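Since the structure comes first, as structure tokens, the remarks are kept for the end.
The values are calculated or read from the model by the stated rules, or taken from the named source; none is laboratory data. This is a predicted model, so every value here is computed, not measured. In this analysis, Cβ positions are derived from the backbone assuming ideal geometry, glycine residues included, and neighbour counts consider all displayed protein chains.
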Amino acid sequence: MSTDSNSKVQGSKGSKQAVQTTGHAWDGDIQEFNNPLPTWWVWAFYATIVFAVIYWVLYPAWPIGRDYTKGVMNDIEYTDASGKTVTRHWNTRSLLDKEMVQAKAEQKKYLDQLAAASIEEIAKDDEKSNFAYSMAKVLFADNCAACHQPGGAGVVGSYPNLADDDWLWGGSFKDIKTTITNGRNGYMPSFKAALSSEKIDDVAEYVLSLSKHKTDAAKTARGKAIFNGQEGGCYYCHTKAGTGMVSMGSANLTDSIWTLADVPSADTLEAKKAAVKQVIMNGVNRKMPVWKERLTDTQIKILAFYVHQLGGGK
């Protein structure tokens, strides 16, 4: 629609409204409207300018050579970890440093209490246990979750589940603390050179029978003889009842909790047996690192408390 500076533009309801133009025209009939910004928007824009000027005066803002304007906010004063009084001009980094020093000082009060208390005493005191749990959760995430997963669910075949109340090396406070402090070496020899494939199949059949799986009676009987005899010698670590030994870290084969063979996810008996056979043939050689050289005694103590709580303890 073409128009000039004195033209009228039809409104949405048929009313006539004068529209001012800038006087610029192109191709003879294309003109530019002159619509000023709303008054509220203009004043809001001016307000941002005023705010910026005040901010530049109050806070550190403009770089000047190798330095910068310091602002007029009050200096920050605090006592550092060494007991020395520190005075610094106000900026967000100084404020963060002050808050971190104060937080560590407050945290130290609780850490001193935890250092002086046994794990059993920590577990009985709500205030101590809540602080220990929250701090150990971060320690676990930083140091343990890479293997045992957040929440301690572990990885079948590689890292034990810490949340299922089944403990290879014992689930008491003392046992867990010893495990974290000194690490563990989980070892089971490979039997693929010592036993034929048929005998390995029989042993796997017997192992599954220990956890109430329906197995072939003849194969199970042969597997039991190998398991409890000199040829296999499995009972040395797993005992003749198959319940395992905490002192050896050998698995309980009767409780249907599998840390190495992924039996639960297998749909058929043959698939379950194949998972067990892989462990028998290849053996186990896994190591948990020693943490006493990387964590303090107090950190190990509260980690033991945290891990104990994950699995409900024993």
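Going by the conditions given, is Ser197 assigned by TED's automatic domain parsing to the domain that holds Phe305 and touching a helix residue (DSSP H, G or I) at 6+ places or on another chain (Cβ under 9 Å)?
Numbers: assigned by TED's automatic domain parsing to the domain that holds Phe305: yes; touching a helix residue (DSSP H, G or I) at 6+ places or on another chain (Cβ under 9 Å): yes.
When the stated conditions are applied, Ser197 passes them.
Against the definition (exposed (fewer than 14 other Cβ atoms within 10 Å of the Cβ), of a type in the set (Asp, Glu) and assigned by TED's automatic domain parsing to the domain that holds Ser265), how does Asp126 come out, yes or no? Step through it out loud before you land on a result.
On the way: exposed (fewer than 14 other Cβ atoms within 10 Å of the Cβ): yes; of a type in the set (Asp, Glu): yes; assigned by TED's automatic domain parsing to the domain that holds Ser265: no.
No: the conditions fail for Asp126.
Could you say which residue among Asp166, Asp112 is out of contact with any Asp or Glu (no Cβ under 8 Å at 6 or more places or on another chain) and either in a helix (DSSP H, G or I) or closer than 30 Å to Gly244 by Cα (or both)? Working first, answer last.
Details: Asp166 fails: out of contact with any Asp or Glu (no Cβ under 8 Å at 6 or more places or on another chain).
It is Asp112.
Quickly run through segment 81-96 and pick out the residues that are touching a helix residue (DSSP H, G or I) at 6+ places or on another chain (Cβ under 9 Å) and either loosely packed, with under 14 Cβ neighbours inside 10 Å or assigned to a helix (DSSP H, G or I) (or both).
Once the filter is applied, which keeps residues that are touching a helix residue (DSSP H, G or I) at 6+ places or on another chain (Cβ under 9 Å) and either loosely packed, with under 14 Cβ neighbours inside 10 Å or assigned to a helix (DSSP H, G or I) (or both), segment 81-96 yields only Ala81.
Answer yes or no as to whether Lys272 is part of a helix (DSSP H, G or I) and closer than 26 Å to His148 by Cβ.
yes
Check Thr179 against each of (1) under 16 Å from Pro289 (Cα atoms); (2) surrounded by fewer than 15 Cβ atoms within 10 Å (Cβ to Cβ); (3) within 22 Å of the chain's Cα centre (by Cα) and name the one condition it does not meet.
(2)
Given the conditions (1) out of contact with any helix residue (DSSP H, G or I) (no Cβ under 6 Å at 6 or more places or on another chain); (2) over 20 Å from Ala275 (Cβ atoms), and given that Ala136 satisfies all but one, which numbered condition is not satisfied?
If we test Ala136 against (1) out of contact with any helix residue (DSSP H, G or I) (no Cβ under 6 Å at 6 or more places or on another chain); (2) over 20 Å from Ala275 (Cβ atoms), just (1) comes out false.
Table: residues versus (1) of a type in the set (Gly, Ala, Ser); (2) part of a helix (DSSP H, G or I); (3) at pLDDT below 95.
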| residue | (1), (2), (3) |
| --- | --- |
| Ser209 | yes, yes, no |
| His213 | no, no, yes |
| Glu231 | no, no, yes |
| Gly249 | yes, no, yes |
| Ser256 | yes, no, yes |
| Ser265 | yes, no, yes |
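Here are some residues: Glu121, Glu106, Glu99, Glu127. Which one is under 18 Å from His308 (Cα atoms), assigned to a helix (DSSP H, G or I) and within 26 Å of the chain's Cα centre (by Cα)?
The unique qualifying residue is Glu127.
Condition first: at pLDDT 95 or above and touching a Lys or Arg at 6+ places or on another chain (Cβ under 6 Å). Now tell me which residues in segment 161-201 satisfy that.
Passing the criteria: Thr181, Ile200.
Looking only at residues that are free of Cβ contacts under 8 Å to residues at least 40 places away in the same chain and hydroxyl-bearing (Ser, Thr, Tyr) in segment 202-249, which one is surrounded by the most Cβ atoms within 10 Å (Cβ to Cβ)?
The residue in question is Tyr206.
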